[in-house]
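Only one structure is covered here, and it is reproduced in the block below.
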Amino acid sequence: MKFKLHRRATTALTSFVIAALTTELADELVDGATGAVWPYLRNDLHLTYTEVGLLLGMPGVLANLIEPLFGLLADAGYHRRIVLGGGFAFALALLLTALAENFWGLLLSFVLFYPASGAFVSLTQAAWMDAESERQEQNMARWTLAGSVGNVVGPVLIGAAVALGVGWRPVFAVLAALSLMALFLMWRAPSLHPSAAPPEQEAAFQLRESLQYVFHSVKRAAVLDSLLLLEASNLMLDVFRAFLALYFVDAAHSTPAQATLAVGVLTGVGLIGDALIVPVLEKLSGVAFVKWSALLVSVLFPAFLWVPHVGWKLVDAALIGLLTSGWYAVLQARLYGLLPERSGTVMALGSVTGMAGAAILPVLGWLADRAGVQNALWCLLLGPLLLVWRLPSVTLRR
């Protein structure tokens, strides 16, 4: 009987993990396609750098105002409802992106997409981390690897669509359909949380308890430090990737096709790195790896901005993509480890600090409009420098 129960639990977890990784793949397909499409978006919709910065930053700020509530409600028993509702909004937002005709239409789709991604993707990740709390660092590496596949394929889809002459819009329509497939898998997968919402009085009590835990957690120095380092690492991850294609067009004077290639190189090498980091984290300390790789990135990133030749910039971008592999997985797992079995709280706290990270994007867009994207991107160097300074010194081997 114990064997049958264990086998059922294992099967349920496996089904959920497949659905979770498919969800992350869909999310990062969108992220990869969006990173590569900016030169075409800017030309088709006549966007300025300030508008690009607002599109990248404002939806994130608004989403981070909403997402803490998602996390608290998830801990209070509404996890599955929020995830499935977020999946539907996720697909709708992608369809609106495909139909956008101007800045305001695109902003509307992004404002819907960002919190939908938080509900659909972030809470799915959180449920998996709670289910296997003893293997959070390794599972975060697998999660990141699935996302890296999407980040590589996304630019390829944009490049292929443009080469075939159909433009970027059909890509986002196809991604909307793929996200509905991911939603179907998540709906079919067994929940790792109670499927029914708790009674009203119990839910209210759990929500108050979650709020108290959030306020208690935010007073812990280790938690605050982990949140800061996650945002710092993102400067060389999502923020760098978001501006990379536009940087190659405007600062390196390459063509939009070459800019799409640059995004593909960054994400392609990142995929290789994320595949390698899974076995590496079984033997080496993740924190030590991030600290040493951040030191190397602190040297490589200025070189990327200084070298004039596009070919050398591509090589530098590839090295940066390789060295930043595992940053998110290690740092996010570190935060989960500080708040065991409270993944909703992790999401709520991450959303609060994420507002500061999202606010950086409009500032970078404004700086790029006035001082040039070359000068604006120097701000990203702060990320690896903070990692080198704040991460503890630990031995490399576990």
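The values are calculated or read from the model by the stated rules, or taken from the named source; none is laboratory data. Computed from a predicted structure; not experimentally measured. Glycine gets a Cβ as well: all are built from the backbone with ideal geometry, and neighbour counts include every protein chain shown.
Data for the structure
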item: Set 183, 95: member being out of contact with any Asp or Glu (no Cβ under 7 Å at 6 or more places or on another chain), aliphatic (A, V, I, L, M), part of a helix (DSSP H, G or I) and surrounded by fewer than 21 Cβ atoms within 10 Å (Cβ to Cβ); result: 95
item: Positions within region 359-372 being closer than 20 Å to residue 324 by Cβ and of a type in the set (Val, Ile, Thr), in sequence order; result: 360
item: Positions within region 123-138 being under 16 Å from the mean Cα position of the chain (by Cα) and within 11 Å of residue 74 (Cα to Cα), in sequence order; result: 123, 124, 126
item: Residue identified as in a helix (DSSP H, G or I) and in contact with a Gly (Cβ under 9 Å, 6 or more places away or on another chain) among 127, 119, 160; result: 119
item: Residue check, residue 389 touching a Gly at 6+ places or on another chain (Cβ under 8 Å), in a helix (DSSP H, G or I) and over 23 Å from residue 147 (Cα atoms); result: no
item: Pair list, Cβ < 6 Å and 6+ apart or interchain, from region 262-291 residues that are on the phi < 0 side of the Ramachandran plot to residues that are crowded, with 21+ Cβ neighbours inside 10 Å and of a type in the set (Val, Ile, Thr); result: 267/152; 268/152; 271/152; 274/144; 286/330; 290/330
item: Conditions (1) closer than 19 Å to residue 74 by Cα; (2) at pLDDT below 90: number failed by residue 148; result: (1)
item: Failed item in (1) closer than 22 Å to residue 333 by Cα; (2) crowded, with 22+ Cβ neighbours inside 10 Å, with residue 116 passing the rest; result: (1)
item: Residue among 169, 142, 135 that is under 24 Å from residue 258 (Cβ atoms) and among the basic types (Lys, Arg); result: 169
item: Wholly within region 239-317, helices (runs of 4 or more DSSP H) carrying at least 1 residues that are more than 19 Å from residue 383 (Cβ to Cβ); result: 240-250, 256-283
item: Residues that are modelled with pLDDT of 90 or more and among the aromatic types (Phe, Trp, Tyr), drawn from region 110-142; result: 110, 113, 114, 120
item: Residue under evaluation residue 35, criteria (1) modelled with pLDDT of 90 or more; (2) closer than 23 Å to residue 171 by Cβ; (3) not aromatic (Phe, Trp, Tyr), criterion not met; result: (1)
item: Close pairs (7 angstrom Cβ cut-off, 6 or more residues apart or separate chains): within 20 Å of residue 119 (Cβ to Cβ) and assigned to a helix (DSSP H, G or I) in region 164-180, at pLDDT 95 or above and among the aromatic types (Phe, Trp, Tyr) anywhere; result: 179/90
item: Residue list for region 326-358, restricted to those being more than 11 Å from residue 226 (Cα to Cα), touching an Asp or Glu at 6+ places or on another chain (Cβ under 8 Å) and β-branched (Val, Ile, Thr); result: 345
item: Single condition residue 395 does not satisfy, out of (1) over 20 Å from the mean Cα position of the chain (by Cα); (2) modelled with pLDDT of 90 or more; result: (2)
item: Single condition residue 52 does not satisfy, out of (1) of a type outside the set (Ser, Thr, Tyr); (2) surrounded by fewer than 21 Cβ atoms within 10 Å (Cβ to Cβ); (3) part of a helix (DSSP H, G or I); result: (2)
item: The listed residue being in contact (Cβ under 8 Å) with a residue 40 or more places away in the chain and over 23 Å from residue 186 (Cα atoms), out of 108, 55; result: 55
